[in-house]
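One structure is given here, and the rest of the page talks about it.
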Amino acid sequence: MPKVVEHLAKVNDKPVFSIEIIPPAKGGKIDELLNDIAPMMEIKPPFIDVTYHREEYISVKSDDGTTKEIKTRKRPGTVGICSAIMHKFDVDAVPHVLCGGFTKDDTEDLLIDLNYLGIENVMALRGDHAKPFSTFKPKTDGHAYAAELITQINDMNHGKYLHEDAEYLSKSNFCIGAAAYPEKHFEAESHEIDFDHLRAKVDAGAEYLVTQMFFDNQKYFDFVNKCRENGIQIPIIPGLKILSTKKQLDILPKLFYLEMPSEFDSAVRQAKDDKDARAIGIEWCIAQCRELMKFGVPALHFYTMSKSTTTMAVAKEIF
């Protein structure tokens, strides 16, 4: 199957259209997800990212009054969804592979399964902390940083496995994506430290980057220029989110540690209702896309939350 970087290399007058979806909540049906994706196939995305959601914990009191943490899964099925997408829509699927919740052996097992299924694009991420805990802690013998995870994936691409390194073991052929933060990862002490982490991911073998969502294009422009000035030349895909409700104006900055442009903030706050806010969000994203295209971005990547309506409203104006 083609690699993400191969799709990006084919860009001519327009960037690639790509989307990120989330698996349905536990108990949901894949048919519902595929039906949500189907309208976006009109724009012909060459690849679709599928998020992975690590375990969560709930506190349960036992009969003796003690409390223990019970592990639960909220959104299973990333690998199966990737396989179904590739089969149904004939597009490449990009599963997210996390440090959190995995040992190195777990990671190797997952990568072997992906390789067996012909899934050769992955997005390597550290991932968030497990809820309800407030800090990230890797599993014993797990990776603490995305750069370590990327190194393991890249090692497999060179035929180096954790416990065996022999001629009879097949090399994998993963194209590795990684995350980038134009407005700084919230845990980084400074922009420079955050940039050092980014460089480590690139040095470890990341072949392209996808940014956290942003609403101020200048943040992206400045970030890309800094990367280029410091020798990071791999594709940097802007990640876009279309605001669809008034409350997202306050929720998104808190969840993703980003700034809303004052002009956009003011317009949404003056919206009469969510319908008006959604219309403003769509127009703002259209304007973002047009400016990003003039800058020469390799792709426009939409965080869809698996809903097609607002994404299609923007995409039909752009593509």
Report, by residue number, each residue of the range 116-144 that is at pLDDT 95 or above and in a helix (DSSP H, G or I). none
So, in the range 222-256, exactly how many residues are over 27 Å from residue 274 (Cα atoms) and touching an Asp or Glu at 6+ places or on another chain (Cβ under 9 Å)? 3
Scan the range 260-274 and tell me whether some residue there is outside any strand (DSSP E or B), surrounded by 13 or more Cβ atoms within 10 Å (Cβ to Cβ), touching a Pro at 6+ places or on another chain (Cβ under 7 Å) and in contact (Cβ under 8 Å) with a residue 12 or more places away in the chain. yes
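Results for (1) over 19 Å from residue 80 (Cα atoms); (2) of a type outside the set (S, T, N, Q); (3) outside any loop (DSSP other than H, G, I, E, B), shown as yes or no for each residue.
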| position | (1), (2), (3) |
| --- | --- |
| 1 | no, yes, no |
| 6 | yes, yes, yes |
| 23 | no, yes, no |
| 31 | no, yes, yes |
| 35 | no, no, yes |
| 54 | no, yes, no |
Please determine, by comparing only the residues of the range 164-214 that are of a type in the set (A, V, I, L, M) and surrounded by fewer than 17 Cβ atoms within 10 Å (Cβ to Cβ), which one is farthest from residue 127 (Cα to Cα). 166
Can you spot a residue in the range 290-309 that is part of a helix (DSSP H, G or I), of a type in the set (A, V, I, L, M) and within 20 Å of residue 209 (Cα to Cα)? yes
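The values are calculated or read from the model by the stated rules, or taken from the named source; none is laboratory data. Please read these numbers as outputs of a predicted model, since none were measured by experiment. Reconstructed Cβ throughout: ideal geometry from the backbone, glycine too, with neighbour counts over all protein chains shown.
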